[in-house]
Amino acid sequence: MAYKMRGMYYEDFTEADVIVTAGRTVTESDVVAFAGISGDFNPLHTDDEFMKNSQFGGRIAHGLLVVSIATGLINQLGVFEGTNLALLNMNIKYTGVVQFGDTIHLELKTKEKKETSKPNKGIITYEANVLNQRDETVVEMEWVLMMKRKQ
């Protein structure tokens, strides 16, 4: 039996739908790996001595690492598996920091749906917010995705 994709189609989303992911704790290992992959060794993320007396009291995770983890969390649910055709736009606003040991999750809300001239695809705008274990929003995003339509 062939694997069946779990993705939701354009028609499956209704405005004001909210999908909440599981949480994930951000570790020092995550930050070290991301610094190595991205080449971003900014002392904000990699120098404990430099950051000890900062306003944050220690190193913080890269903002793009947090966004990357958030996209992974939603993909673990299978929401976009096989039905997301393209990420057209992503606007990001950082409203807080993620420190080592913080647990984050994503809340994805369907904001707007637009049909296209093609019957097999539609455009959905999502409000995507990353929250920490205290339910404080640390990243506010808007994602615009091209999604498959049911045929």
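Confirm whether Ala22 is touching a His at 6+ places or on another chain (Cβ under 7 Å), surrounded by fewer than 15 Cβ atoms within 10 Å (Cβ to Cβ) and in a loop (DSSP other than H, G, I, E, B). Taking the combined requirement at face value, the residue satisfies it. Across region 73-93, the number of residues qualifying as in contact with a strand residue (DSSP E or B) (Cβ under 8 Å, 6 or more places away or on another chain), farther than 25 Å from Lys118 by Cβ and either exposed (fewer than 15 other Cβ atoms within 10 Å of the Cβ) or of a type in the set (Lys, Arg) (or both) comes to 1. In region 50-68, of all residues being part of a loop (DSSP other than H, G, I, E, B) and touching a helix residue (DSSP H, G or I) at 6+ places or on another chain (Cβ under 9 Å), the one that is farthest from Glu28 (Cα to Cα) corresponds to Ser54. Residue pairs whose Cβ atoms lie under 7 Å apart, separated by 6 or more positions or on different chains, with the first residue in region 10-35 and under 30 Å from Asp47 (Cα atoms) and the second of a type in the set (Ser, Thr, Tyr) and part of a helix (DSSP H, G or I), are Ala35/Thr46. Residues in region 1-16 that are surrounded by 14 or more Cβ atoms within 10 Å (Cβ to Cβ) and either part of a loop (DSSP other than H, G, I, E, B) or among the aliphatic types (A, V, I, L, M) (or both): Gly7, Met8, Tyr9, Phe13. Of all the numbered requirements in (1) over 15 Å from Tyr9 (Cα atoms); (2) out of contact with any His (no Cβ under 9 Å at 6 or more places or on another chain); (3) part of a loop (DSSP other than H, G, I, E, B), Pro119 misses one, and that requirement is (1). Here Phe41 fulfils each of the conditions (1) surrounded by 16 or more Cβ atoms within 10 Å (Cβ to Cβ); (2) in a loop (DSSP other than H, G, I, E, B); (3) touching a helix residue (DSSP H, G or I) at 6+ places or on another chain (Cβ under 6 Å) apart from (1).
Just so you know, all these numbers are worked out from the coordinates, no wet-lab data involved. Note that the structure is predicted; figures quoted are calculated from it, not measured. Backbone-built Cβ (ideal geometry, glycine too); neighbour counts: all protein chains shown.
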